[in-house]
Every structure is written in structure tokens, then in C-alpha cells.
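Let me begin by presenting the structure, written as C-alpha cells, before commenting on it.
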Amino acid sequence: MFWYKRKGLFSLFAILLILFSCSPLPQQENKEGLLEAQVEELLAQMTLEEKLAQIEGIRPQDIMAEGKFSAQKCDSLIPHGIGHFCQFSSSLEMSPNELRDFVQQVQNHLMKHTRLGIPAIFHEEAITGFSTKGATTFPQQIGMGCSWNPELVRKNANSTRINMRSAGATFALSPMLDLARTAHWERIEESYGEDAYLTSRMGVAFVEGLHGDDLATGVAATTKHFAGYGAQNNNEKELYEEYLMPHEAVIKVGGVKSVMPSYGKYKGLAVAANAEMLQTMLRQQVGFDGLVVSDYGAVSLLYRGHKQAASLKEAAVMSLKAGMDIELSRPVAFPYLPEALEEGLIDLATIDGAVKRSLMMKARLGLLEDEPVIGQEGDLDFDPKENRQLAYQSAAESIVLLKNNGILPLNKEVKKIALLGPNGNSTQSLLGDYTYQSMISFWWSKKYDDNDPKLVTLKEGLASTFPTAEIFEERGCDWSAPLEAKIMTDGLGDDRLSKIQVMTQEGLPQPDLKRALKLARESDVVVAAMGENLYLCGEGRKRKGISLPGEQEAFVKELIKTGKPVILVLFGGRPQLVDELEKDCAAVIQAWFPGEEGGNALADIMAGKVNPSAKLCVTYPADKKRREVNYKKGYPNRELVQYPFGYGLSYTSYEYNNLEMPAVASLSGGAIPISMTVKNTGKMAGSEVVQLYVTTEGGKELQAIQLKGFHKVALNPGQEKRISFELYPEQLAYYKNQKWWVNGQDLLVKVGASVEDIRLAGGLNITGEETELPQGRQLFFSKVKEEKAI
């Protein structure tokens with residue numbers, strides 16, 4: 001039996017529970033029906049003030065005094081409860097136990113000292129793990145995209161779920177599923193890259209890990225930013241077929257119940273107030289039935305930024321009518337809704353719809369149960385041994401070997417290694433945007449602790465992996481200050497940064513160019529650790545270009561002149577131009593922001609303890625112009641590309657053979673089998689990413705080339721396995737005249753190690769007349785399996 005809201009009153013909900021338990025409906029529909037009945041009963045008893053409280057969010061600092069929970073502030077500021085506490089942990093410096101205790105205090109107050117006793121949702125960022133002090137820091141999402149390993153993404157997200165739930169958090173503003181097709185976009189690092197299929201696969205895996213078996217014990221994922229953020233999204237065909245696909249996949253396949261619209265515009269109208277995007281596209285066409293949450297400040301931005309609303313009141317009305325449900329991160333525009341209601345600018349039914357969706361999310365998360373579980377008792381550890389192992393594996397699988405003239409793996413007899421550059425012994429080289437460390441320092445101007453969790457630098461990794469070698473470390477240059485210049489006390493001395501933080505340089509020695517060059521000449525090999533730090537890439541951090549920052553390129557050229565072999569290691573959140581350096585470097589490694597175990601993973605790759613397996617999830621540009629460069633049209637201007645999509649080197653070699661596939665298939669014939677063998681022909685165990693592409697001559701309704709399947713296969717030396725894909729005709733659906741269609745056509749199926757390194761190909765004639773898909777896309781992914789080769 002359920003008793004209404006801990007008040008001891010027998011509820012209609014108890015009767016409904018008995019009735020629904022006898023229902024023949026499937027279990028999930030049964031549960032959803034029960035939760036909806038509970039929410040309807042609750043909604044019927046709410047005042048307007050209580051309703052509005054549920055569709056607003058605040059910051060934890062708002063109800064704190066002297067760094068601690070304040071019941072008095074709660075009574076004053078949120079007497080009717082609140083919908084969300086926003087980014088509640090990344091702005092605080094609490095230990096895991098302190099954080100859990102704080103959440104329990106707040107929830108206990110809301111459940112006992114507000115009329116309806118409705119708990120709040122505590123939400124946080126999660127693309128690199130739970131963004132809180134002491135939690136495991138995984139590689140940035142662009143690095144995980146290069147792993148091409150959805151199962152690893154799922155495991156990481158599951159560990160994040162466990163951490164968040166143990167602290168009392170139930171909701172994440174992750175994953176970010178925008179397609180990133182230019183390195184100039186400062187948020188490219190948050191993406192899984194440029195491809196809709198790869199991004200969709202990774203996104204679904206992330207959501208499955210975060211949700212767990214049931215949202216009542218999981219963490220609700222939020223797909224963002226809907227849709228086409230960071231790109232030109234006014235081409236309807238491109239928007240639907242590509243930019244929409246990852247969001248649609250996580251909704252239809254992953255069961256996502258939360259969507260965050262972008263700060264951008266669609267057809268000239270801000271997405272936050274765009275009914276065509278939030279109602280027609282999202283709810284009617286995709287079939288989304290969950291919660292739409294605003295990006296921080298996006299509602300007020302309609303008035304203050306986009307200038308598309310004449311007032312904050314109009315901004316609130318516009319967004320709510322268009323399909324927005326909650327205003328985050330503080331109530332700025334929504335408090336004007338009572339006034340708008342009185343003036344007839346909005347009706348109560350529209351407000352009630354948003355409130356109901358907000359309460360349904362809380363119900364799904366188990367927060368409306370009689371005694372909801374808030375956090376986990378006992379001492380909490382947000383970075384246990386198993387998490388660190390996941391972080392290490394993730395870093396090792398995200399690091400891309402771009403060039404190798406044979407110097408790697410390094411000879412075990414190497415005696416002297418010169419580790420030079422600003423990222424050689426800096427933890428900032430490990431940390432992407434929306435890590436806790438980035439959030440607390442960039443947005444809140446507070447220092448983070450390198451040891452909570454322990455962040456392993458490249459210097460530490462090399463020292464551990466090469467214990468008999470001498471490691472000589474020297475910065476040689478700053479990230480963005482001129483060579484041999486003094487550190488500026490008023491910032492970084494670089495006008496490419498939109499926000500300056502003196503703390504970046506605090507405690508660091510003055511770069512010494514002469515000493516760096518001397519060390520290079522005296523060493524067996526030079527490891528040049530270059531690239532960005534957490535202030536040079538990320539939201540709110542713009543740069544003029546994508547070359548190595550400051551004087552780093554000039555510094556590397558000086559190192560090359562010493563005649564010693566130079567291994568260029570590139571840290572950062574985006575591809576950075578190496579067109580003038582690549583030919584003279586002995587090896588080039590793209591490390592991205594590799595997380596807490598980045599130093600160990602890099603060193604083990606250099607030593608050959610780990611065979612690199614990562615493949616680029618973005619096209620690596622060879623040109624500094626601001627333009628989109630991606631593979632979908634087959635690189636008509638090849639000179640603009642340094643390295644192609646799907647590219648990455650290994651210490652072994654792989655051979656593809658025995659392609660088997662039908663020459664003819666029917667639109668109505670179901671899955672099309674495509675299989676091949678892959679053999680490790682080298683002397684080291686490794687993992688190969690087998691990539692399945694489909695191309696069309698002349699394009700017809702499809703883009704020139706599309707990724708339609710992939711599989712990462714582990715092979716010992718001499719081992720051979722057979723990889724079998726099932727390609728579905730529906731995966732070739734296209735958008736035309738506001739409808740989805742499939743059509744018979746001649747295709748070329750290609751299998752390879754990158755979009756350019758095609759090893760096998762075969763013609764495929766799909767027969768059938770153009771056919772509408774009335775329910776839209778439902779099948780997104782090829783099925784794949786591996787088995788021993790016969």
C-alpha cells in the first residue's frame with residue numbers, strides 16, 4: 001500500500017496500484033501508468049506557487065550560509081520546494097561524505113518542512129565522470145569517441161551512475177551529442193566527433209550505463225544540445241538525417257527522458273522558443289514524451305541576448321509555449337508567469353503540462369516514493385581501484401598514434417629522455433571541460449587538488465614506465481606566452497583567451513629555452529609535450545586559430561633542429577595544425593585531454609606495453625581557415641586534410657580478406673549479411689577497428705559516403721577472426737518532403753581501417769520502389785558479431 005506523501009492519508013494511488021497490478025499491460029507500461037496516476041493526484045492538490053517551484057532550479061549556494069546548509073534560507077527562498085539544484089557539486093569543495101550529507105540535509109528539509117514534501121533533483125555534469133571533488137576523471141568525450149568502444153563508454157557511465165547515486169544525485173546534463181565538424185568550435189572536445197552513426201552508438205552506450213537497469217536506481221541522462229548546435233542547421237535534410245540522429249537514437253533506443261535545447265537558432269528563431277523544433281520535430285516526429293530543460297540562462301537570453309522577446313515575462317511565455325519545461329539555473333523569467341497567467345498571455349494547462357513532466361521525472365527516479373533512497377550510507381570512495389583501471393583503459397584506447405617512423409615503441413635501452421614543453425609535467429594537460437577540476441577553477445576561480453583524485457602527469461608516467469632512464473624535464477616555453485618571456489602577473493599574456501586566470505601559471509618555474517635545447521641535445525630522444533590546457537579550449541574559451549598556441553610551434557622547430565628524434569605529443573580538446581611539423585617529427589601522438597591516468601597510459605604506449613588502437617573520430621585539418629572539414633563528401637579538397645576520419649596507427653598490421661555479401665537485396669528482405677575476415681599479421685597483440693561504409697554514385701538521396709557499422713576486434717599475433725555485420729535497408733533512410741523514405745539503388749559497400757584505407761569492397765543492388773516509413777526511423781545500427789575464422 002502507498003500512503004500519500006508521508007502525511008498518513010490513504011491515497012487513490014493505493015487503489016490504482018491494486019488495479020494496475022492485475023493489468024495485462026506490459027510491465028513497463030504498467031509502471032508508467034502507476035507513476036502517471038500518482039503525479040496526476042499530486043498535481044491536482046498543488047497551488048500555483050507549488051507548481052512553479054517544480055519548474056525552476058537554483059544553485060546550492062543559494063541555500064547555504066558559511067559553506068553549510070541553512071534551513072532558514074530554505075524556508076525563505078524555497079518555501080514551496082524546488083525542481084532542481086543545478087551543478088550542485090562542481091561548484092563546491094566538499095568531500096564525498098560531506099556532499100552526501102549536504103544532499104540528505106536539503107532533501108530531509110524539503111520532505112519534512114514543505115507542505116507537499118517533494119524532494120528536489122540534484123543534477124550535475126557527467127561526460128568525464130561525476131563532476132565532483134575526488135571522483136574519477138575519465139578522458140574527454142572526443143577522446144572516448146576515438147576509442148570506438150561503446151562497451152567501454154557504457155562501463156564508464158555505469159561507474160558514474162554509482163558515484164552520483166551514492167551522493168544523492170539522480171540527473172545528469174550529459175551526454176553532449178552535437179556533431180563537431182570544425183576544430184575552430186571551442187566545444188568540439190565535448191563531442192564524440194563528426195559522424196552521426198559513431199556519435200549515436202556512443203551516445204546510446206553512455207545512456208545505457210547512466211540509466212542502469214531502472215531509472216529508480218539510475219541517473220537520468222539529458223541529451224544535448226537539441227539540435228544542430230555548433231553547426232549550420234538550416235539545411236532541413238542535413239539536420240534531420242545527421243544532426244538529429246544521435247538525439248533520436250538515444251530517445252528511441254536508449255530511452256532518454258530529458259532533452260536540453262541549444263543556445264542556437266533554427267530558421268532565425270532561438271531554439272529555446274522554437275515550437276517547430278521542440279514540438280513538431282522533438283515531440284510529434286521523434287515521439288519524445290519526457291522533460292525539456294533549458295540550458296543555463298537560455299530562457300532569459302531570449303530577451304537579453306537574442307532580443308526576440310520584449311521582456312523577461314514574454315521570454316517565459318515564449319519558451320513555455322514552445323515546449324520548454326524548466327528554467328535553469330536560476331528563476332529569472334519564470335517568476336513572471338503568474339502575471340502572464342492573469343493577463344491571459346498563457347493558460348494554466350500549458351503550465352500544468354510542464355509541471356507534470358517535471359514530476360514524472362521525479363517519479364521515474366524514485367523520488368516520489370514513500371521513503372526515497374537519498375545517497376548511500378558509510379564512507380564513500382568516488383575513485384576506487386576499479387574506476388582507476390577503467391580510466392587507464394579509457395586513456396589507452398583514446399590516444400591516437402598519428403605518425404611513427406619506427407621510433408615507437410621506444411627501445412628498452414633508452415637512457416636519457418628529454419621531456420620538454422608546457423604539458424610535460426602539468427595536470428592541466430589531462431583535464432577537459434566539464435571535469436570537476438575545470439569547472440571549479442575556470443568558473444569558480446578556485447584551485448583544485450592534483451591528488452584528489454590523483455592526476456598522473458606524463459612526467460610521472462615516464463618515470464614509472466622507464467625506471468632505469470633519466471627523465472629531464474623543462475617547460476621551455478609557456479602555453480601561450482612568447483618564448484623566453486616573463487610570466488605576466490595579469491594573466492597569460494595571450495589575447496586569444498576570453499577569460500584570464502592567473503592561477504594557471506602560479507607555482508610554475510620560468511620557462512628556460514636555452515636549458516631545454518641543451519637537454520634535447522644531450523638526450524637520446526625528445527618528447528615534446530605541447531598543445532592546450534583547460535583555459536585554451538572549452539565553453540567560453542575562444543582562440544583565434546587552431547595552430548599550436550603561442551610560440552609552441554617555433555619551439556618544436558628548434559627542438560627538431562637539434563637533430564634528435566622528436567616525439568610530438570599533442571594535448572588538448574581539438575585537432576591542432578601540425579602541417580609544418582609532422583614531416584620532421586619522428587612520431588606524432590594525439591593525446592587529447594586523457595584524464596587522471598593519462599600519464600601512465602601515454603608512457604605505456606610509448607614503451608610498447610600498450611598497442612595503440614584509437615582511430616580519429618574527426619577529420620584532422622591541414623588548413624587553418626574557418627570551415628567545416630569532414631569526410632561525408634569524400635574529401636574533394638584532399639589538401640585540406642592532414643589525417644582522415646577513422647585513421648590511427650598500430651604497432652602491428654592487419655589483413656582483411658574473404659568479403660562475403662549478396663550482390664542483390666530487397667528493401668523488404670530484412671537484414672543484409674556482410675562478413676569478412678581480419679587477421680593480425682604482425683608480432684604484437686592489438687585491436688583493430690573494422691569500419692563499414694556505404695557509398696553511392698551520384699549521391700541520389702544519400703550523402704556520398706556514410707559509416708554504417710564498426711567493430712573493435714582484439715587479435716593476437718597470427719590470429720584471424722570473422723566479423724559479420726547485418727545491414728538494414730532502413731539504415732539508408734532519407735528525409736524528403738517532411739517524411740522518411742527508403743528506396744532501391746546501387747551501392748558500393750566498403751570495409752576498411754579508415755574512410756580512406758579501404759581494404760575490401762563489393763557492389764550491392766537494393767531493389768524496390770521508393771517507400772515511406774510512416775513511423776520514421778526505428779532501426780539505427782547494424783548488428784555485428786565476431787567468431788573464429790574457419
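In debye, nearest 20: dipole of the chain around its Cα centre with unit charges on the Cβ of K, R (+) and D, E (-)?
I would put it at about 1040 debye.
How big is the accessible area of Arg638 in square angstrom, nearest 10, if you roll a 1.4 angstrom probe over the protein chains?
That residue has around 90 Å² of solvent-accessible surface.
Hey, got the dipole for the stretch 95-211? About the Cα centre, +1 on K and R Cβ, -1 on D and E Cβ, debye to the nearest 20?
Once rounded to the nearest 20, the dipole reads 520 debye.
Quick one: compute a quarter of the convex hull surface over the Cα atoms of the stretch 553-671 and quote it in nm².
12.0
Just the accessible area for His80, please: 1.4 Å probe, Å², rounded to the nearest 10?
80
Which option, (1) -0.17, -0.53, -0.87; (2) -0.57, -0.77, -0.96; (3) -0.26, -0.70, -0.98, is the value of log10 I(q)/I(0) by the Debye sum over Cα atoms at q = 0.04, 0.07, 0.09 Å⁻¹ that was calculated from these coordinates?
Calculated log10 I(q)/I(0) by the Debye sum over Cα atoms at q = 0.04, 0.07, 0.09 Å⁻¹: the matching label is (1).
Please get the size of the charge dipole for the stretch 224-322, origin at its Cα centre, with Cβ charges of +1 on Lys and Arg and -1 on Asp and Glu, quoted in debye to the nearest 20.
My answer is approximately 360 debye.
Which whole number in µm²/s is D for the stretch 583-651 by Stokes-Einstein, with the Kirkwood Rh taken over Cα pairs at 25 °C and 0.890 mPa s?
My calculation gives 176 µm²/s for D.
Solvent-accessible area per residue for the chain at a 1.4 Å probe radius, Å²?
The answer is 36 Å² per residue.
Provide the packing ranking of 167-173, 277-283, i.e. peptides ordered by the mean count of other C-beta atoms within 10 Å per residue, highest first.
167-173, 277-283
Roughly how many nanometres apart are two label points built 7 Å out from the Cα toward the Cβ at Glu41 and Glu580?
7.2
Pairs of Cα atoms under 8 Å, at least six residues apart: use those to get the relative contact order of the stretch 222-368, whole percent.
Once normalised by length, the contact order is 20 percent.
Once ligands and nucleic acids are excluded and a 1.4 Å probe is used, how much of Asp178 is accessible, expressed in Å² to the nearest 10?
Near enough 0 Å² of accessible area.
Per the Cauchy relation, a quarter of the hull surface: what is the mean projected area of the convex hull of the alpha carbons in the stretch 166-229, in nm²?
Orientation-averaged projected area of the Cα hull: 4.8 nm².
Report, in listed order, any pair from Lys583/Lys609; Lys624/Lys708; Lys679/Lys785; Lys224/Lys632 with a Cα-Cα distance greater than 20 Å.
Pairs exceeding the cut-off: Lys583/Lys609; Lys624/Lys708; Lys224/Lys632.
Arranged from highest to lowest average of other beta-carbon atoms within 10 Å per residue, in what order do the peptides 405-417, 124-136 appear?
124-136, 405-417
As an exercise, use a Förster radius of 22 Å and the Cβ-Cβ distance of Lys542 and Arg515 to find the FRET efficiency, rounded to the nearest 0.05.
FRET efficiency, Lys542 to Arg515: 0.10.
Of Ser311, Ser429, which has the most accessible area with a 1.4 Å probe, and how do the rest follow in descending order?
Ranked list, largest accessible area first: Ser311, Ser429.
Do any of Lys561/Lys683; Lys265/Lys542; Lys155/Lys321; Lys73/Lys454; Lys412/Lys564 go past 29 Å between their Cα atoms, and which?
Correct reply: Lys561/Lys683; Lys155/Lys321; Lys73/Lys454.
Among Trp443, Thr199, Pro565, flag the residue with its Cα farthest along the positive direction of the charge dipole of the chain, charges on Cβ as +1 for Lys/Arg and -1 for Asp/Glu.
Pro565
Given 4 °C and 1.567 mPa s, how large is the Stokes-Einstein diffusion coefficient of the stretch 650-782 in µm²/s, with Rh as the Kirkwood radius over Cα pairs?
Here the translational diffusion coefficient equals 82 µm²/s.
When all C-alpha to C-alpha distances in the stretch 202-242 are sorted into bins of 10 Å, what percent of pairs does each bin hold, rounded to whole numbers?
Bins of 10 Å from zero give 26, 35, 25, 13, 0 percent of pairs.
Mind checking which aspartates and glutamates have their Cα closer than 16 Å to the Cα of Lys313? Skip sequence neighbours fewer than 8 apart in that chain.
Within the straight-line cut-off, Lys313 pairs with Glu56, Asp325, Glu327, Glu339, Glu342, Glu343, Asp347.
Relative to the first principal axis of the alpha-carbon coordinates of the chain, what is the inclination of helix 96-113, with its axis defined by its Cα atoms, in degrees from 0 to 90 and to the nearest 10?
20
Once phi is turned into θ = phi - 60°, what whole-Hz ³J(HN,Hα) does the Karplus curve with 6.51, -1.76 and 1.60 give for every residue of the stretch 451-464, x standing for Gly and Pro?
10, 9, x, 5, 9, 8, 6, 4, 4, 5, x, 5, 4, 6
Two decimals is fine: what is log10 I(q)/I(0) at q = 0.12, 0.19 Å⁻¹ for the stretch 269-360, from a Debye sum with one equal scatterer on every Cα and no solvent?
-0.32, -0.83
Using the Cα centre of the stretch 170-298 as origin and beta-carbon charges of +1 (Lys, Arg) and -1 (Asp, Glu), tell me which of Leu239, Ser294, Thr222 is placed farthest towards the positive end of the dipole.
Farthest along the dipole direction, towards plus: Ser294.
Which of Ile674, Thr696, Tyr620 sits closest to the plus end of the dipole of the stretch 613-761, meaning its Cα is farthest towards the positive end, when Lys and Arg get +1 and Asp and Glu get -1 on the C-beta?
Selected residue: Tyr620.
Can you put His306, His247 in order of accessible area, largest first, using a 1.4 Å probe?
So, going from the largest accessible area down, we get His306, His247.
Which FRET efficiency value, to the nearest 0.05, do you get for Glu522 and Arg627 by plugging their Cβ-Cβ distance into 1/(1 + (r/R0)^6) with R0 = 45 Å?
It comes out at approximately 0.55.
Tell me the angle of helix 385-398 to the major Cα principal axis of the chain, expressed in degrees between 0 and 90 and rounded to the nearest ten.
60
Which value results for Rg/Rh of the stretch 301-414 when Rg is the Cα radius of gyration and Rh the Kirkwood radius based on the inverse mean 1/r?
So for the stretch 301-414, dividing Rg by the Kirkwood Rh gives 1.30.
Where both residues lie in the chain, what percent of DSSP beta bridges are antiparallel, nearest 5?
Antiparallel: roughly 60 percent of the beta bridges in the chain.
The values are calculated or read from the model by the stated rules, or taken from the named source; none is laboratory data. Worth saying up front: this structure is predicted, and the values here are computed from it rather than measured. Glycine also receives a Cβ, built like all others from the backbone with ideal geometry; neighbour counts cover every protein chain displayed. Accessible surface is based on the protein model in full, side chains and every heavy atom, while ligands, DNA and RNA are left aside. Shrake-Rupley method; radii C 1.70, N 1.55, O 1.52, S 1.80 Å.
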